[in-house]
Amino acid sequence: MENRINKNRKRMMKAAVFYAPQEVRLEEIEIPDISPEEVLVKVRAALTCGTDRKTYLRGHHLFKPPFVFGHEFAGDIVKVGNEVKDFKPGMRVVAANSAPCNSCFYCKNGEHSLCDSLFIQLSGAFAEYIKIPGIIVAQNLLSFPETVSYKQAAFLEPLSCVIHGVEVSNINLGDTIVINGAGPIGLLFLQVAKLRGAKVIITDLVEERLSLALKLGAYRAINVTQVDDIVREVKSFTEDNRGVDVAIEAVGLPEVWEKTIAMVRKGGTVNLFGGCKIGTKISLDTSLIHYSQLNIKGAFHHSPGQVKKAFNLICNQGIDLDSLISSEFPLEEISMVIDRMLNNQGIKIAIIP
Ligand SMILES: [Zn+2]
Ligand SMILES: [Zn+2]
């Protein structure tokens, strides 16, 4: 009798559903149906991210509630649509959260992260199953070997963004650089910049993050709350106090953007990587930009080429990802995870459904 009832019912899964800012509920919802070009993945590990924190507090302009929360994950394919050729059930996979259209002006120009119809639609990692849209299956779904853990693979999306950031930052062998912000993005930047041969100074407010940065190879880790003038302090670690070759902002606050610009030497590169609140502004000293010939860059999102590079780095065990995971919780404890995320406790939290 019970069996018959179950057969008639839709198969259900647990998921963390976002209803409104500061309202995420753990619910039983239907496992998504897939269309011929889609893939269904059983989530084995998901990670929290700064974007999730922002979304929790203010909502997300691309997603209309209710939607399943979270976007960094890796898992096993359980079902593929009948038009999917390169994937089959049982494969360990990770997906980026978007895919470009490949036909707009920007895509044709090789600037895929600026795609006019960038498909940033993949949300739903904090659940037992996630459906991967066809356009992502075709371009940004990757199968990884058993030597890589699900948690490591789940770093694909943030690492792809960081690869993009490093590519535009003009980091050369022997450079001294500063990274303002030692959160997950800052600590990934630190490791990739070191692979590029840079000496890295890092700044943050949180001691736990700074000590991890030192463990991961930072030359100096400065607690902003313990110095009078952070700009002068950073410059004091460069030859003749001239400033760093490259300065990266990985916080997303206008006041930190301004300080980051002030830390670079003449002719240096500034990468204002952290996204600030919409509508905020900074002020710039025009003569500084002109006479000091600063290169000021922005870098948003990633392209499939950068996703592939991030994937290769993960598969080659090129950087320490495990150290960036501070704790691990089952999906049932999502409210505990959110609390920790809001209080900036730890670096990344793994959710194991
Ligand atoms: Zn993310
Ligand atoms: Zn496009």
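The values are calculated or read from the model by the stated rules, or taken from the named source; none is laboratory data. Nothing here was measured: the structure is a model prediction, and the numbers come from that model. In this analysis, Cβ positions are derived from the backbone assuming ideal geometry, glycine residues included, and neighbour counts consider all displayed protein chains.
Observations on the structure shown:
- The number of residues in region 84-105 being more than 16 Å from ligand 1 (Cβ to nearest atom), over 18 Å from VAL43 (Cβ atoms) and of a type outside the set (D, E, K, R) comes to 7.
- Residues in region 100-118 that are more than 9 Å from ligand 2 (Cβ to nearest atom) and either within 27 Å of TYR56 (Cα to Cα) or β-branched (Val, Ile, Thr) (or both): SER113 alone.
- Selection status of GLY134, out of contact with any strand residue (DSSP E or B) (no Cβ under 7 Å at 6 or more places or on another chain), over 30 Å from LEU253 (Cβ atoms) and of a type outside the set (D, E, K, R): yes
- Hits in region 242-263 - residues which are over 17 Å from GLY186 (Cβ atoms), of a type in the set (Asp, Glu) and part of a helix (DSSP H, G or I): GLU258
- Matching residues in region 253-309 - criterion: being among the aromatic types (Phe, Trp, Tyr) and crowded, with 16+ Cβ neighbours inside 10 Å: TRP257, PHE273
- Of residues in region 61-75 being touching a helix residue (DSSP H, G or I) at 6+ places or on another chain (Cβ under 8 Å) and not aromatic (Phe, Trp, Tyr), the one farthest from LEU324 (Cα to Cα): GLY75
- Any chance ARG53 is under 23 Å from LEU321 (Cβ atoms) and out of contact with any Lys or Arg (no Cβ under 9 Å at 6 or more places or on another chain): yes
- Close Cβ contacts (under 7 Å, 6 or more residues apart or on different chains) running from residues in region 231-245 that are without any contact (Cβ under 8 Å) to a residue 12 or more places away in the chain to residues that are surrounded by fewer than 19 Cβ atoms within 10 Å (Cβ to Cβ) comprise GLU233/VAL227.
- The lone exception for TYR129 - which of (1) more than 15 Å from ligand 2 (Cβ to nearest atom); (2) within 30 Å of LEU26 (Cβ to Cβ); (3) at pLDDT below 95; (4) of a type outside the set (Gly, Ala, Ser) it fails: (3)
- Those strands (runs of 3 or more DSSP E) lying entirely in region 264-353 with at least 1 residues under 30 Å from LYS14 (Cα atoms) and over 19 Å from the mean Cα position of the chain (by Cα): 325-330
- Considering residues of region 132-147 that are surrounded by fewer than 19 Cβ atoms within 10 Å (Cβ to Cβ) and not in a helix (DSSP H, G or I) only, the residue nearest to ligand 1 (Cβ to nearest atom): SER143
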